[in-house]
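I'd like to ask some things about the structure below.
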Amino acid sequence: MKSLQVVKYGEISESLAFNETDKPQVQANDVLIEVKASAINPIDKSIILGNLQSLLPIPLPATSAYDVSGVVVEKGQEVSDFEIGDLVYSRVPQEQMGTLAEYVAVISSAVSKKPGNISFEEAAGIPLAGLTALQSLEYAGIKENDKVLIHAGSGGVGSFAIQYAKAKGAYVFTTTSTGNVKWVKELGADRVIDYKTEDYKDIAKDVDIVFDTLGRHYSLESFELVKEGGKVVSVVGPLDEASAKMFGMNDYKLPAELAKASSEKNAEYKFIFMHPNGSHLNQIKLMIEDEQIKPIIDKVYPFSEGIQAFTHLASGRAKGKIVVKIS
(Lines give C-alpha, C1' and ligand atoms only; values in the text may rest on other atoms or scores of the structure.)
Protein backbone atom coordinates (compact mmCIF):
# COMPACT_ATOMS: atom_id res chain seq x y z
CA MET A 1 0.00 0.00 0.00
CA LYS A 2 1.05 3.62 -0.48
CA SER A 3 2.22 5.52 2.60
CA LEU A 4 3.70 8.97 3.30
CA GLN A 5 6.66 8.36 5.56
CA VAL A 6 9.20 10.23 7.64
CA VAL A 7 12.48 8.91 6.23
CA LYS A 8 14.82 11.12 8.27
CA TYR A 9 14.65 14.01 10.72
CA GLY A 10 15.02 17.52 9.38
CA GLU A 11 13.40 19.94 6.96
CA ILE A 12 9.96 18.84 5.75
CA SER A 13 10.80 18.92 2.04
CA GLU A 14 13.77 16.60 2.59
CA SER A 15 12.37 14.31 5.29
CA LEU A 16 9.14 12.95 3.79
CA ALA A 17 8.70 10.44 0.97
CA PHE A 18 5.98 8.24 -0.51
CA ASN A 19 6.81 4.55 -0.10
CA GLU A 20 5.17 1.20 -0.66
CA THR A 21 4.58 -0.53 2.68
CA ASP A 22 2.86 -3.68 3.90
CA LYS A 23 -0.80 -3.57 4.87
CA PRO A 24 -0.98 -3.67 8.71
CA GLN A 25 -1.70 -6.95 10.46
CA VAL A 26 -4.85 -6.91 12.59
CA GLN A 27 -4.44 -8.00 16.22
CA ALA A 28 -7.25 -9.45 18.36
CA ASN A 29 -8.54 -6.06 19.55
CA ASP A 30 -7.86 -4.08 16.36
CA VAL A 31 -9.96 -2.89 13.48
CA LEU A 32 -8.42 -2.35 10.04
CA ILE A 33 -9.56 0.96 8.60
CA GLU A 34 -9.52 1.76 4.90
CA VAL A 35 -8.42 5.37 5.20
CA LYS A 36 -10.61 7.96 3.53
CA ALA A 37 -8.96 11.02 5.08
CA SER A 38 -6.26 11.95 7.56
CA ALA A 39 -5.52 15.26 9.29
CA ILE A 40 -2.09 16.56 10.22
CA ASN A 41 -1.19 18.40 13.40
CA PRO A 42 1.68 20.35 14.97
CA ILE A 43 2.90 17.19 16.73
CA ASP A 44 3.41 15.58 13.30
CA LYS A 45 5.56 18.52 12.23
CA SER A 46 7.56 18.34 15.47
CA ILE A 47 8.24 14.64 14.93
CA ILE A 48 9.52 15.29 11.39
CA LEU A 49 11.81 18.09 12.61
CA GLY A 50 13.25 15.73 15.24
CA ASN A 51 12.08 17.83 18.19
CA LEU A 52 10.43 14.90 20.01
CA GLN A 53 13.05 12.18 19.65
CA SER A 54 13.58 11.86 23.41
CA LEU A 55 9.86 11.71 24.28
CA LEU A 56 8.50 9.84 21.25
CA PRO A 57 11.29 7.74 19.73
CA ILE A 58 10.18 6.08 16.50
CA PRO A 59 12.07 3.76 14.14
CA LEU A 60 12.56 5.31 10.72
CA PRO A 61 11.15 5.17 8.15
CA ALA A 62 7.76 5.65 9.84
CA THR A 63 4.39 6.48 8.34
CA SER A 64 3.21 9.86 9.59
CA ALA A 65 0.07 11.19 11.34
CA TYR A 66 -2.49 10.07 13.91
CA ASP A 67 -5.92 11.39 12.84
CA VAL A 68 -8.08 9.20 10.60
CA SER A 69 -11.56 8.67 9.24
CA GLY A 70 -12.56 5.74 7.08
CA VAL A 71 -14.33 2.40 6.78
CA VAL A 72 -13.79 -0.77 8.84
CA VAL A 73 -12.75 -3.52 6.41
CA GLU A 74 -11.46 -6.14 8.86
CA LYS A 75 -11.62 -6.72 12.62
CA GLY A 76 -9.88 -8.86 15.23
CA GLN A 77 -11.64 -11.75 16.91
CA GLU A 78 -12.06 -9.88 20.21
CA VAL A 79 -13.76 -6.82 18.65
CA SER A 80 -17.50 -6.64 19.35
CA ASP A 81 -18.26 -2.89 19.09
CA PHE A 82 -17.69 -2.57 15.35
CA GLU A 83 -18.71 -4.40 12.19
CA ILE A 84 -17.27 -4.55 8.69
CA GLY A 85 -18.54 -1.51 6.80
CA ASP A 86 -18.83 0.82 9.82
CA LEU A 87 -17.84 4.44 9.15
CA VAL A 88 -15.41 5.45 11.88
CA TYR A 89 -12.89 7.99 13.08
CA SER A 90 -9.99 7.89 15.53
CA ARG A 91 -6.86 9.41 16.95
CA VAL A 92 -4.66 6.33 16.84
CA PRO A 93 -2.28 5.43 19.71
CA GLN A 94 1.40 6.28 19.44
CA GLU A 95 2.42 2.70 18.70
CA GLN A 96 -0.02 2.58 15.75
CA MET A 97 0.98 5.95 14.26
CA GLY A 98 0.63 6.07 10.50
CA THR A 99 -2.68 7.34 9.14
CA LEU A 100 -1.20 8.88 5.99
CA ALA A 101 -1.61 5.53 4.29
CA GLU A 102 -4.25 3.53 2.48
CA TYR A 103 -4.91 1.36 5.56
CA VAL A 104 -4.26 1.62 9.29
CA ALA A 105 -4.84 -0.89 12.10
CA VAL A 106 -6.21 0.68 15.29
CA ILE A 107 -7.11 -0.74 18.68
CA SER A 108 -10.90 -0.61 18.84
CA SER A 109 -10.99 1.23 22.20
CA ALA A 110 -9.53 4.28 20.40
CA VAL A 111 -12.20 4.24 17.67
CA SER A 112 -15.70 5.70 17.43
CA LYS A 113 -18.32 5.69 14.72
CA LYS A 114 -17.98 8.98 12.91
CA PRO A 115 -20.60 11.72 13.15
CA GLY A 116 -23.28 10.98 10.58
CA ASN A 117 -23.82 14.57 9.47
CA ILE A 118 -20.29 15.40 8.30
CA SER A 119 -17.93 14.19 5.58
CA PHE A 120 -14.90 11.92 5.99
CA GLU A 121 -12.66 14.95 5.47
CA GLU A 122 -14.44 16.92 8.20
CA ALA A 123 -14.38 13.92 10.55
CA ALA A 124 -10.64 13.40 10.05
CA GLY A 125 -9.97 16.89 11.39
CA ILE A 126 -11.71 16.25 14.70
CA PRO A 127 -9.95 13.57 16.79
CA LEU A 128 -6.66 15.02 18.05
CA ALA A 129 -7.92 18.59 18.39
CA GLY A 130 -11.25 17.49 19.84
CA LEU A 131 -9.75 15.09 22.37
CA THR A 132 -7.13 17.66 23.41
CA ALA A 133 -9.80 20.30 24.06
CA LEU A 134 -12.26 17.94 25.76
CA GLN A 135 -9.69 16.30 28.03
CA SER A 136 -8.09 19.64 28.96
CA LEU A 137 -11.32 21.45 29.77
CA GLU A 138 -12.89 18.47 31.53
CA TYR A 139 -9.76 18.07 33.67
CA ALA A 140 -10.22 21.71 34.66
CA GLY A 141 -13.82 20.93 35.64
CA ILE A 142 -15.43 23.33 33.18
CA LYS A 143 -19.01 24.20 34.08
CA GLU A 144 -21.75 26.68 33.26
CA ASN A 145 -20.83 30.36 33.81
CA ASP A 146 -17.11 29.67 34.18
CA LYS A 147 -14.88 32.35 32.67
CA VAL A 148 -12.36 30.66 30.39
CA LEU A 149 -9.39 32.07 28.46
CA ILE A 150 -8.49 30.03 25.38
CA HIS A 151 -5.32 31.10 23.62
CA ALA A 152 -5.00 30.94 19.80
CA GLY A 153 -8.68 30.66 18.97
CA SER A 154 -8.15 30.27 15.23
CA GLY A 155 -6.01 27.12 15.52
CA GLY A 156 -7.25 23.56 15.32
CA VAL A 157 -7.39 23.02 19.09
CA GLY A 158 -8.47 26.56 19.92
CA SER A 159 -11.36 26.64 17.44
CA PHE A 160 -12.69 23.36 18.84
CA ALA A 161 -12.16 24.43 22.46
CA ILE A 162 -14.18 27.62 21.95
CA GLN A 163 -17.15 25.63 20.70
CA TYR A 164 -16.81 23.00 23.43
CA ALA A 165 -16.61 25.62 26.19
CA LYS A 166 -19.66 27.44 24.83
CA ALA A 167 -21.59 24.15 24.67
CA LYS A 168 -20.80 23.78 28.39
CA GLY A 169 -22.21 27.26 29.09
CA ALA A 170 -18.91 29.05 29.80
CA TYR A 171 -18.01 32.68 29.04
CA VAL A 172 -15.09 32.52 26.60
CA PHE A 173 -12.22 34.93 26.10
CA THR A 174 -9.89 34.06 23.23
CA THR A 175 -6.90 35.56 21.46
CA THR A 176 -6.26 35.79 17.74
CA SER A 177 -4.81 38.11 15.10
CA THR A 178 -6.67 40.99 13.45
CA GLY A 179 -7.61 39.08 10.31
CA ASN A 180 -9.28 36.29 12.28
CA VAL A 181 -11.30 38.33 14.80
CA LYS A 182 -14.62 38.17 12.93
CA TRP A 183 -14.21 34.50 12.07
CA VAL A 184 -13.37 33.50 15.66
CA LYS A 185 -16.28 35.56 16.97
CA GLU A 186 -18.57 33.50 14.75
CA LEU A 187 -17.37 30.35 16.52
CA GLY A 188 -19.11 31.67 19.63
CA ALA A 189 -16.37 33.38 21.64
CA ASP A 190 -17.79 36.11 23.89
CA ARG A 191 -14.73 38.37 23.87
CA VAL A 192 -12.21 38.05 21.05
CA ILE A 193 -8.92 39.76 21.88
CA ASP A 194 -6.88 41.00 18.93
CA TYR A 195 -3.35 40.44 20.20
CA LYS A 196 -1.95 42.84 17.61
CA THR A 197 -3.87 45.80 19.05
CA GLU A 198 -4.86 44.70 22.58
CA ASP A 199 -3.10 43.27 25.65
CA TYR A 200 -5.03 40.20 26.73
CA LYS A 201 -3.80 40.69 30.31
CA ASP A 202 -5.82 43.93 30.51
CA ILE A 203 -9.02 42.20 29.41
CA ALA A 204 -9.19 38.61 30.71
CA LYS A 205 -9.09 38.95 34.50
CA ASP A 206 -10.00 36.57 37.33
CA VAL A 207 -10.82 33.72 34.98
CA ASP A 208 -11.67 30.26 36.30
CA ILE A 209 -9.63 28.40 33.66
CA VAL A 210 -6.75 29.30 31.37
CA PHE A 211 -6.28 26.90 28.46
CA ASP A 212 -2.68 27.47 27.40
CA THR A 213 -2.02 26.39 23.81
CA LEU A 214 1.04 28.61 23.31
CA GLY A 215 3.56 27.82 26.06
CA ARG A 216 6.67 29.97 26.56
CA HIS A 217 5.91 33.09 28.66
CA TYR A 218 2.17 32.54 28.27
CA SER A 219 2.28 29.63 30.72
CA LEU A 220 3.68 31.83 33.49
CA GLU A 221 1.46 34.81 32.60
CA SER A 222 -1.58 32.57 33.02
CA PHE A 223 -1.24 32.97 36.78
CA GLU A 224 -1.65 36.75 36.46
CA LEU A 225 -5.11 36.11 35.03
CA VAL A 226 -6.48 33.04 36.78
CA LYS A 227 -8.52 33.58 39.92
CA GLU A 228 -7.57 32.31 43.37
CA GLY A 229 -8.05 28.55 43.31
CA GLY A 230 -8.45 28.40 39.53
CA LYS A 231 -6.80 26.04 37.06
CA VAL A 232 -4.22 26.48 34.31
CA VAL A 233 -4.15 23.61 31.82
CA SER A 234 -1.45 23.55 29.16
CA VAL A 235 -0.75 21.35 26.16
CA VAL A 236 2.59 22.95 25.25
CA GLY A 237 4.03 24.43 28.45
CA PRO A 238 6.41 22.74 30.90
CA LEU A 239 5.49 19.31 32.22
CA ASP A 240 4.02 19.15 35.69
CA GLU A 241 5.68 16.72 38.08
CA ALA A 242 3.06 13.96 37.77
CA SER A 243 3.20 14.09 33.96
CA ALA A 244 7.00 14.03 34.03
CA LYS A 245 6.91 10.78 36.04
CA MET A 246 4.84 9.21 33.24
CA PHE A 247 7.90 9.74 31.02
CA GLY A 248 10.28 8.32 33.61
CA MET A 249 11.54 11.73 34.72
CA ASN A 250 11.36 10.97 38.44
CA ASP A 251 13.63 13.81 39.57
CA TYR A 252 11.81 16.49 37.56
CA LYS A 253 10.66 19.65 39.34
CA LEU A 254 8.24 22.24 38.01
CA PRO A 255 10.20 25.38 36.98
CA ALA A 256 10.64 27.55 40.08
CA GLU A 257 8.85 30.62 38.70
CA LEU A 258 5.85 28.56 37.67
CA ALA A 259 5.73 26.72 41.00
CA LYS A 260 5.88 30.04 42.89
CA ALA A 261 3.13 31.62 40.78
CA SER A 262 0.92 28.55 41.18
CA SER A 263 1.42 28.53 44.94
CA GLU A 264 0.74 32.25 45.36
CA LYS A 265 -2.61 31.94 43.59
CA ASN A 266 -3.43 28.53 45.10
CA ALA A 267 -4.13 27.66 41.45
CA GLU A 268 -3.32 24.29 39.91
CA TYR A 269 -1.03 23.91 36.91
CA LYS A 270 -1.50 20.77 34.82
CA PHE A 271 0.15 19.62 31.63
CA ILE A 272 -2.37 17.64 29.56
CA PHE A 273 -0.98 14.87 27.41
CA MET A 274 -3.92 13.90 25.22
CA HIS A 275 -4.73 10.18 25.16
CA PRO A 276 -6.73 8.34 22.49
CA ASN A 277 -10.23 7.49 23.70
CA GLY A 278 -13.08 6.14 21.62
CA SER A 279 -15.66 6.92 24.31
CA HIS A 280 -14.64 10.59 24.31
CA LEU A 281 -14.84 10.63 20.52
CA ASN A 282 -18.36 9.26 20.79
CA GLN A 283 -19.27 12.17 23.10
CA ILE A 284 -17.91 14.55 20.47
CA LYS A 285 -19.86 12.67 17.76
CA LEU A 286 -23.12 13.31 19.62
CA MET A 287 -22.29 17.01 20.08
CA ILE A 288 -21.54 17.36 16.36
CA GLU A 289 -24.76 15.58 15.42
CA ASP A 290 -26.62 17.94 17.80
CA GLU A 291 -24.90 20.84 15.97
CA GLN A 292 -23.29 22.13 19.15
CA ILE A 293 -19.90 21.82 17.45
CA LYS A 294 -18.94 22.07 13.79
CA PRO A 295 -15.67 20.95 12.20
CA ILE A 296 -13.39 23.73 11.00
CA ILE A 297 -11.36 22.85 7.90
CA ASP A 298 -8.67 25.16 6.52
CA LYS A 299 -7.81 23.15 3.41
CA VAL A 300 -8.10 19.63 1.99
CA TYR A 301 -5.15 18.28 -0.01
CA PRO A 302 -5.15 15.20 -2.25
CA PHE A 303 -2.88 12.40 -1.02
CA SER A 304 -0.42 13.14 -3.83
CA GLU A 305 0.13 16.61 -2.30
CA GLY A 306 0.66 15.39 1.25
CA ILE A 307 4.11 16.97 1.50
CA GLN A 308 2.67 20.34 0.45
CA ALA A 309 0.09 19.92 3.23
CA PHE A 310 2.94 19.74 5.75
CA THR A 311 4.56 22.84 4.26
CA HIS A 312 1.26 24.65 4.77
CA LEU A 313 1.07 23.38 8.35
CA ALA A 314 4.59 24.66 9.02
CA SER A 315 3.59 28.16 7.86
CA GLY A 316 1.42 28.51 10.99
CA ARG A 317 -1.30 30.30 9.05
CA ALA A 318 -4.01 27.65 9.00
CA LYS A 319 -7.50 28.57 10.22
CA GLY A 320 -8.76 25.25 11.50
CA LYS A 321 -7.51 21.87 10.35
CA ILE A 322 -5.39 20.72 7.40
CA VAL A 323 -6.72 17.47 5.94
CA VAL A 324 -5.33 14.99 3.42
CA LYS A 325 -7.89 13.07 1.35
CA ILE A 326 -6.56 9.54 0.85
CA SER A 327 -9.35 7.96 -1.20
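The values are calculated or read from the model by the stated rules, or taken from the named source; none is laboratory data. All values derive from a computational prediction rather than experimental measurement. Because the Cβ atoms are built from the backbone with ideal geometry, glycine has one as well, and the counts that use them run over all protein chains shown.
In region 1-15, how many residues are within 13 Å of residue 307 (Cα to Cα), in contact with a Lys or Arg (Cβ under 9 Å, 6 or more places away or on another chain) and among the hydrophobic types (A, V, I, L, M, F, W, C)?
Matching residues across region 1-15 total 1.
Mind checking which residues of region 229-261 are of a type in the set (Gly, Ala, Ser) and surrounded by 20 or more Cβ atoms within 10 Å (Cβ to Cβ)?
Once the filter is applied, which keeps residues that are of a type in the set (Gly, Ala, Ser) and surrounded by 20 or more Cβ atoms within 10 Å (Cβ to Cβ), region 229-261 yields 230, 234, 237, 261.
Return the residues of region 157-174 that are assigned to a strand (DSSP E or B) and surrounded by 24 or more Cβ atoms within 10 Å (Cβ to Cβ); say none if nothing qualifies.
Answer for region 157-174, where residues must be assigned to a strand (DSSP E or B) and surrounded by 24 or more Cβ atoms within 10 Å (Cβ to Cβ): 172, 173, 174.
Residues being surrounded by 15 or more Cβ atoms within 10 Å (Cβ to Cβ) and either at pLDDT below 95 or of a type in the set (D, E, K, R) (or both): count how many of those fall in region 200-212.
Counting residues in region 200-212 that are surrounded by 15 or more Cβ atoms within 10 Å (Cβ to Cβ) and either at pLDDT below 95 or of a type in the set (D, E, K, R) (or both) gives 2.
Tally the residues that are acidic (Asp, Glu) and either over 24 Å from the mean Cα position of the chain (by Cα) or modelled with pLDDT under 95 (or both), restricting the search to region 213-229.
2
Among the residues of region 183-193, is any assigned by TED's automatic domain parsing to the domain that holds residue 135, more than 22 Å from the chain's Cα centre (by Cα), within 23 Å of residue 299 (Cβ to Cβ) and basic (Lys, Arg)?
Looking for residues that are assigned by TED's automatic domain parsing to the domain that holds residue 135, more than 22 Å from the chain's Cα centre (by Cα), within 23 Å of residue 299 (Cβ to Cβ) and basic (Lys, Arg), one finds none in region 183-193, hence no.
Out of all the residues in region 292-324, which are more than 23 Å from residue 18 (Cβ to Cβ), touching a residue at least 40 places away in the same chain (Cβ under 8 Å) and out of contact with any helix residue (DSSP H, G or I) (no Cβ under 9 Å at 6 or more places or on another chain)?
Selection gives nothing.
Let me ask you something else. Quick one: in region 72-85, of everything that is free of Cβ contacts under 8 Å to residues at least 40 places away in the same chain and out of contact with any helix residue (DSSP H, G or I) (no Cβ under 9 Å at 6 or more places or on another chain), which residue is surrounded by the fewest Cβ atoms within 10 Å (Cβ to Cβ)?
Among residues in region 72-85 that are free of Cβ contacts under 8 Å to residues at least 40 places away in the same chain and out of contact with any helix residue (DSSP H, G or I) (no Cβ under 9 Å at 6 or more places or on another chain), the one surrounded by the fewest Cβ atoms within 10 Å (Cβ to Cβ) is 85.
Right, residue 154: surrounded by 24 or more Cβ atoms within 10 Å (Cβ to Cβ), in the same structural domain as residue 222 (by TED's automatic domain parsing) and either without any contact (Cβ under 8 Å) to a residue 40 or more places away in the chain or within 14 Å of the chain's Cα centre (by Cα) (or both) or not?
yes
Further, regarding this structure: Which of the residues that make up region 1-53 are in a loop (DSSP other than H, G, I, E, B), polar (S, T, N, Q) and within 26 Å of residue 273 (Cα to Cα)?
27, 29, 41, 51, 53
Here is a follow-up. Taking residue 171 as the residue in question, decide whether it is touching an Asp or Glu at 6+ places or on another chain (Cβ under 7 Å) and aromatic (Phe, Trp, Tyr).
yes
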